[in-house]
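**Q** Sending over a structure as structure tokens; questions will come in a sec.
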Amino acid sequence: MSLSAPLTASRRPPFTWRPSTRFALASLAGAGLVLAPLLALVATALSASQAAEIWPHLVANVLPSALLQTGLLLAGVGVVSTILGVGTAWLVTQFEFPGRRHFEWLLVLPLALPTYLTAYIYVEFLGFQGPLQSALRALAGWRTLRDYWFPDPRNLPGAIAIMAVVLYPYVYLSTRALFSIQGATIVEAARNLGATPGRLFWRIGLPLARPALAAGLTLVLLETLNDIGATEYLGVRSLTLSIYTTWINRGSLPGAAQIACVMLLVIFLLIWTEARLRGQRRFALPVRQPRPLGRRPLRPRAAFLAAVACALPVLFGAMLPIGYLAAEILRRGLLAQFDAALLRLLGNALLLAGIASAIVLLLGLGIATASRAGRETWLKPLARLASLGYAVPGTVLALGLLIPIAALDNGLANAITALFGIKPGLLLIGSGAALVIAYVVRFLTIGISGVESGLSRVSPRIDDAARALGAGQPEILRRIHWPLMRPAVAGAALLVFVDCLKELPATLLLRPLNLETLATVVYGHASRGVFEDGALAALLIILAGLYPAMLLAKTGTNRAG
């Protein structure tokens, strides 16, 4: 009898893990997908044999210029986006003027345009052979550039202006939401005390909206860091472009990894700053729904100026680029390009985006459900970790994913060769699966946020009542959660789908050699100096993003109204 207890104990498995919810596996998978490329990136930067030789060269010749250009670009885009986003949000929420209701959703439309497409369009539109300079020469009788001066958009100020006019809606949406729910009591009290509209904005409106401004501005800066097409085309040597040229043109993977690690430090600094700004908030809105503030009618002159101030960002951020593309397509007869080749490109893009969107939603559903239903304290931190992928630029993500995916590809190929005697090649990279994985990692946060937004409509007491009646978590998800969160999940799926269509850096670096998408074709035409030949593909990308942008604007307007 004395020997039976040790014998029984020895038969027990050394480790058993039974989470409180099976959806915990989704949290582990999501966090692993984000951590793997980051750890691989750091390992590559530190462990390469020539890493110690490359770093001094980067510090002396690459990083100073890249950091300076990136810092100036971020500062410029941040300032201009803040002015445009906060200014227009304050106008449409606080004042009544002609066209205000339309501007509320029109101001979101520039989100449908990728920054690289806008850069290509403005370089062509403002160029010497473009319609604007051609019209000026025809009117004034000028013949060459010696007869007049015209600003060149292919420089740092041009990049700041072009990127800001596309990215400001992130600031506009976040601050508009805060301005819309500010209670009438505070504002009316300030008005009764003689506060002018300007003082009201600086002393009450802006301090209350500071957390929303920090969140929107962080998204603007992250999107600016992610860009590669616009900065390359406009001649800005950013960190992202330095990673791309070091890896592709100079063939130095360790050098690119070291620059990417520096870029990760910049990103984490941005995220830390945003968290600090949120944490230092000294103002709070009441818990109960405040009495809405009536919009103040403007006099005719002020109303006209307000309408112009809201119309200009829409004109330069959406209407002019879309109109130029449509005009070029009609003038050049490019509708004839809508043939089998273009349909194949469209099919490739739709297939990759559709598969990635489905995986993102499934993982997001599992991660958000695990955070809600699981009892383990580590589930919520894992969910936040899985949401960090959006903060990692596509170039950095592609570089980090290449190493573990290539190792996995080689392992699979060796195993198949040993078992079946055939050489399958690189299955993941060659089939486009690596690109789908990059999309999933980068846009997983949208899926998680969409599901969490839908689940917030369901009281936890309903879950407890369902469990008391004997329902398991899968049944609760299928019969209770899914019907209530379906609209929010559908909106998230649409945003992920469009973001995958627009994503350029990861697509350029991880796509198979025999696979082209709409974004890569437009990039190829622009690189060869014939962007107009890809105008139809560019217009298809924009049209795909218009409906989600309008849906996002209408949703925000309805909630604010």
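**Q** How would TRP482, TRP247 line up by accessible area, probe 1.4 Å, largest first?
**A** The residues order as TRP482, TRP247, largest area first.
**Q** When the accessible area of region 391-515 is computed with all protein chains present and a 1.4 Å probe, what percentage of it is carbon and sulfur?
**A** So the carbon and sulfur contribution to the accessible surface is 64 percent.
**Q** 5 Å is the cut-off here: which amide hydrogens, built 1.01 Å from N in the peptide plane, fall below it relative to PHE95, excluding neighbours closer than 5 in sequence?
**A** For PHE95, whose amide H was placed from the backbone, the distant partners under 5 Å are ARG296.
**Q** Along the charge dipole of the chain, which of ALA353, SER174, ALA535 sits closest to the positive end, that is, farthest toward it, with unit charges on the beta carbon of Lys, Arg, Asp and Glu (+1, +1, -1, -1)?
**A** SER174
**Q** Working out 0.36 nm times the residue gap between ALA309 and LEU412, then minus their Cα-Cα distance, what length gain in nm do you get to one decimal?
**A** Here the segment from ALA309 to LEU412 would lengthen by 31.3 nm.
**Q** While we're on this one: With all protein chains present and a 1.4 Å probe, how do ASP339, ASP409 order by accessible area, largest first?
**A** From most exposed to least exposed: ASP339, ASP409.
**Q** In sequence order, what are the phi-derived ³J(HN,Hα) couplings for region 240-252 according to the Karplus relation 6.51 cos²θ - 1.76 cosθ + 1.60 with θ = phi - 60°, rounded to whole Hz, with x for glycine and proline?
**A** Whole-Hz 3J(HN,Hα) from phi for region 240-252: 4, 5, 5, 4, 5, 5, 5, 7, 7, 7, 9, x, 10.
**Q** Hey, got a sec? Which trypsin sites (Lys or Arg not before Pro) in region 333-403 land in a DSSP loop and have at most 14 other Cβ atoms within 10 Å?
**A** Here the sparse-neighbourhood loop sites are ARG375.
**Q** So how strong a dipole does region 371-521 carry about its Cα centre when Lys and Arg Cβ are +1 and Asp and Glu Cβ are -1, to the nearest 20 debye?
**A** 400 debye
**Q** Roll a 1.4 Å probe over the protein heavy atoms and report the accessible area of TRP378 in Å², nearest 10.
**A** 80 Å²
**Q** I've got another one for you. With a 1.4 Å probe and all protein chains kept in place, how much accessible area does HIS57 have, in Å² rounded to the nearest 10?
**A** Roughly 90 Å² of HIS57 is accessible to a 1.4 Å probe.
**Q** While we're here: Determine the shape class of region 473-561: with a ≥ b ≥ c the square roots of the Cα gyration tensor eigenvalues, call it rounded for a/c under 1.5, and otherwise prolate if a/b is greater than b/c, oblate otherwise.
**A** Oblate is the answer for region 473-561, as a/c is 1.5 or above yet b/c matches or exceeds a/b.
**Q** For region 424-429, just list the computed ³J(HN,Hα) in residue order, Karplus coefficients 6.51, -1.76 and 1.60, θ = phi - 60°, integers in Hz, with x standing in for Gly and Pro.
**A** So the Karplus estimates, Gly and Pro as x, are x, x, 8, 5, 6, 6 Hz.
**Q** Among TRP149, GLY394, ILE267, whose Cα lies farthest out toward the positive end of the dipole of the chain, if unit charges sit on the beta carbon of Lys, Arg (+1) and Asp, Glu (-1)?
**A** ILE267
**Q** I'd like the distance between the alpha-carbon centres of region 73-116 and region 308-332, rounded to an integer number of Å.
**A** Spelled out, the Cα-based centre of one part sits 16 Å from the other.
**Q** Can I ask one more? Ranked from highest to lowest mean number of other Cβ atoms within 10 Å per residue, what is the order of the peptides 72-82, 147-157?
**A** Highest-to-lowest ranking by the protection proxy: 72-82, 147-157.
**Q** Let me ask something additional. Just by accessible area at a 1.4 angstrom probe, what is the order of LEU35, LEU222 from largest to smallest?
**A** Final ranking, largest accessible area leading: LEU35, LEU222.
**Q** Further question: Accessible area per residue for region 55-128 in Å², computed with a 1.4 Å probe and the full protein assembly in place, what is it?
**A** With all protein chains present, region 55-128 gives 34 Å² per residue.
**Q** So for the pair ALA327, THR144, with labels modelled 7 Å out along Cα→Cβ, what separation do we get in nm?
**A** My value for the distance between the label points is 2.7 nm.
**Q** How long is the gain from SER47 to SER459 if the chain were fully straight, where each residue apart is worth 0.36 nm and the alpha carbon distance is subtracted?
**A** Between SER47 and SER459, full extension yields 143.3 nm more.
**Q** Leaving out ligands, DNA and RNA but keeping every protein chain, what accessible area does ILE162 have, in Å² rounded to the nearest 10, with a 1.4 Å probe?
**A** Roughly 10 Å² of ILE162 is accessible to a 1.4 Å probe.
**Q** Something else: Which shape class applies to region 18-99: rounded if a/c is under 1.5, otherwise prolate when a/b exceeds b/c and oblate if not, where a ≥ b ≥ c are the square roots of the Cα gyration tensor eigenvalues?
**A** Judged from the Cα gyration tensor, region 18-99 comes out oblate (a/c at least 1.5, b/c at or above a/b).
**Q** How far apart, in nm, are the 7 Å Cα→Cβ label points at LYS423 and ALA490?
**A** Using points 7 Å along Cα→Cβ, the separation is 5.1 nm.
**Q** Additional query: Could you provide, to the nearest whole Å², the per residue accessible area of region 368-422 with probe 1.4 Å?
**A** Computed with neighbouring chains in place, this is 44 Å² per residue.
**Q** From the phi angles alone, apply the Karplus equation (6.51, -1.76, 1.60; θ = phi - 60°) to region 78-93 and give each ³J(HN,Hα) in whole Hz, x where the residue is Gly or Pro.
**A** Each residue's phi maps through the Karplus curve to give x, 5, 5, 5, 5, 4, 5, x, 5, x, 5, 5, 5, 5, 6, 9 Hz.
**Q** Compute the separation of the alpha-carbon centres of region 502-517 and region 123-183 and state it in Å as a whole number.
**A** Centre-to-centre (Cα) distance: 28 Å.
**Q** In addition: Relative to the Cα centre, what is the charge dipole magnitude of the chain, using +1 at the beta carbon of each Lys and Arg, -1 at the beta carbon of each Asp and Glu, and rounding to the nearest 20 debye?
**A** 1980 debye
**Q** Calculate the dipole size of region 437-561 relative to its Cα centre from +1 charges on Lys and Arg beta carbons and -1 charges on Asp and Glu beta carbons; express the result in debye to the nearest 20.
**A** Once rounded to the nearest 20, the dipole reads 420 debye.
**Q** I need two numbers for the chain: Rg to one decimal and Dmax as a whole number, Cα atoms only, in Å.
**A** Gyration radius and largest Cα-Cα distance of the chain: 26.3, 110 Å.
**Q** Treat each spin label as a single point 7 Å out from the Cα along the C-beta direction, and report the TYR547 to ARG18 distance in nm.
**A** Between TYR547 and ARG18, the label points sit 4.7 nm apart.
**Q** Follow-up question, since we're still on this one. Set the Förster radius R0 to 35 Å, insert the Cβ-Cβ distance between ALA358 and VAL266 as r into 1/(1 + (r/R0)^6), and round the FRET efficiency to 0.05.
**A** It comes to 0.60.
The values are calculated or read from the model by the stated rules, or taken from the named source; none is laboratory data. Note that the coordinates shown come from a computational prediction; the quantities given were computed from them, not determined experimentally. Every residue, glycine among them, receives a Cβ derived from its backbone with ideal geometry; neighbour counts consider all protein chains shown. Quick note on the areas: whole protein, heavy atoms, side chains included, nothing else; ligands and nucleic acids left out. Shrake-Rupley method; radii C 1.70, N 1.55, O 1.52, S 1.80 Å.
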